[in-house]
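Written out below as structure tokens is the structure these notes cover.
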Amino acid sequence: MGKFDKILLLSDIDGTLTDREQALPQSNLEAIQYFKQNGGAFTIATGRLHDYFRESGFDKLINAPCVLLNGAGVYDFKTNSYLRLCSFDDNYKEAVEYAMSIGGYRFIHYLFQNGGIDSRDIDYIPDSPCKFVVVFDDEECAVNMCNALQQRYKDRYNIFRSWNTGVEVLPKGANKGIALEYLKQMLANITVTAAIGDYENDIALLEHADISFATGNAVDVLKSKADYTVCDHSNGAVKEMIDILDRIY
């Protein structure tokens, strides 16, 4: 029996697990190894696709299914398959056309379970994506777009910024918090969940976790949701999180 038995730890990647150069700090790596050696289940909740995990080697770091596409997917690397996958089941192109009518963006990125497409012509987008992202050069424009989409479509979609110039639109049944609830039901041995993040797309994750953490570089709205605020992501935020869990348990 390990001291972290029955605990599932979920970490965002960018701005949380990795540093400013998108590398994994050695202190985080060693802390995660310690956490797993003492019975803990570690995984990642990210907006990225599963190919990134293999490219970065993070598929070997986790020992539980991971959350992809900001909650639209739950993926198991043991079986190389999605356990849960959401996509738009309505006329999502109406929201795309509304975003296009506002304008000011650099491009729109559509993500599917196995890849993505950048396009301004929605008639060439096959099937229904799992999400679409409106990308800007200017933060103020991104904030204005996010507010406009939320005002018009908040009852139909989950809409948030996942970084300062990226606005994401997902099906209503898809966010990191909903994916965490799915993992709780699937992993019967887990009784405690702990989560850490840095941006607006992590709000639902922290709200659904039993113990929540924000990085020192996190946006203020996320810090207001967290039980603990730890150090900057480049200084080993996940390591400090695990240190706190070590003291608690």
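The values are calculated or read from the model by the stated rules, or taken from the named source; none is laboratory data. Here the structure is a predicted model, which is why all the values come from computation and not from measurement. Quick reminder, even Gly has a Cβ in these numbers, built from the backbone with ideal geometry, and neighbours come from all protein chains shown. All accessible areas refer to the heavy atoms of the entire protein, side chains included, with ligands and DNA or RNA removed. Shrake-Rupley method; radii C 1.70, N 1.55, O 1.52, S 1.80 Å.
The conditions of being among the basic types (Lys, Arg), open to solvent by 70 Å² or more (accessible area, probe 1.4 Å) and within 22 Å of Leu205 (Cβ to Cβ) are met by Lys172.
The residue that is farthest from the chain's Cα centre (by Cα), among those in region 152-204 that are polar (S, T, N, Q) and more than 30 Å from Glu139 (Cβ to Cβ), is Asn189.
Checking Leu49, Leu68 one by one, the residue that is under 26 Å from Ala174 (Cα atoms), among the hydrophobic types (A, V, I, L, M, F, W, C) and open to solvent by 20 Å² or more (accessible area, probe 1.4 Å) is Leu49 and no other. Starting from region 107-119, take each residue that is within 9 Å of Phe132 (Cβ to Cβ) and open to solvent by 20 Å² or more (accessible area, probe 1.4 Å) and list its partners that are assigned to a strand (DSSP E or B) and not acidic (Asp, Glu), counting only C-beta distances under 7 angstrom and pairs at least six apart or across chains. Once the first residue is within 9 Å of Phe132 (Cβ to Cβ) and open to solvent by 20 Å² or more (accessible area, probe 1.4 Å) and sits in region 107-119, its partners that are assigned to a strand (DSSP E or B) and not acidic (Asp, Glu) give His109/Gly116; His109/Phe132; His109/Val133; His109/Val135.
Beta carbons closer than 9 Å, at least 6 apart along the sequence or on distinct chains, pair a first residue in region 25-42 that is farther than 17 Å from Ala195 by Cα with a second that is open to solvent by 20 Å² or more (accessible area, probe 1.4 Å) and among the polar types (S, T, N, Q) for Pro25/Ser234; Pro25/Asn235; Ser27/Asn235. Can you confirm whether Asp90 is surrounded by fewer than 20 Cβ atoms within 10 Å (Cβ to Cβ), of a type in the set (Asp, Glu) and under 30 Å from Asp123 (Cα atoms)? Spelling it out, Asp90 is indeed surrounded by fewer than 20 Cβ atoms within 10 Å (Cβ to Cβ), of a type in the set (Asp, Glu) and under 30 Å from Asp123 (Cα atoms). One residue is enough: does region 32-41 have a residue meeting the conditions touching an Asp or Glu at 6+ places or on another chain (Cβ under 6 Å) and either modelled with pLDDT of 95 or more or open to solvent by 40 Å² or more (accessible area, probe 1.4 Å) (or both)? Scanning region 32-41 turns up at least one residue that is touching an Asp or Glu at 6+ places or on another chain (Cβ under 6 Å) and either modelled with pLDDT of 95 or more or open to solvent by 40 Å² or more (accessible area, probe 1.4 Å) (or both).
Applying a threshold of 9 Å to beta carbon distances and a minimum spacing of six or more residues, or different chains, the list of pairs starting in region 172-197 at a residue that is under 12 Å from Leu9 (Cβ atoms) and ending at one that is open to solvent by 30 Å² or more (accessible area, probe 1.4 Å) and acidic (Asp, Glu) reads Val192/Asp210; Thr193/Asp210; Ala194/Asp210; Ala195/Asp210.
In region 140-160, the residues that are within 16 Å of Tyr92 (Cα to Cα) reach residues that are surrounded by fewer than 18 Cβ atoms within 10 Å (Cβ to Cβ) and acidic (Asp, Glu) with C-beta atoms within less than 9 angstrom, at least six apart or across chains, in these pairs: Tyr153/Glu94; Arg156/Asp90.
Take the conditions in contact with a His (Cβ under 7 Å, 6 or more places away or on another chain) and in contact (Cβ under 8 Å) with a residue 24 or more places away in the chain and apply them to Glu207. Does it pass? Criteria not met by Glu207.
Does Ser87 meet the test of being among the polar types (S, T, N, Q) and in contact (Cβ under 8 Å) with a residue 12 or more places away in the chain? Judged against the criteria, Ser87 is a match. Kindly evaluate Arg156 against the criterion of being at pLDDT below 90, open to solvent by 20 Å² or more (accessible area, probe 1.4 Å) and of a type in the set (D, E, K, R). So Arg156 does not fit the description; no.
For region 189-248, filtered to residues that are of a type in the set (Lys, Arg) and crowded, with 16+ Cβ neighbours inside 10 Å, the residue that is nearest to Thr16 (Cα to Cα) is Lys239. Applying the condition of being among the polar types (S, T, N, Q) and open to solvent by 60 Å² or more (accessible area, probe 1.4 Å) to region 71-87 and asking which residue is farthest from Thr165 (Cα to Cα) yields Thr79. Checked against the criterion of being farther than 18 Å from Asp12 by Cβ, in contact with a Gly (Cβ under 6 Å, 6 or more places away or on another chain) and surrounded by 14 or more Cβ atoms within 10 Å (Cβ to Cβ), the candidates Val96, Val135 yield just one match: Val135. If you go through region 138-153, how many residues are surrounded by 15 or more Cβ atoms within 10 Å (Cβ to Cβ), among the charged types (D, E, K, R) and under 28 Å from Asn217 (Cβ atoms)? The number of residues fulfilling the criteria is 0.
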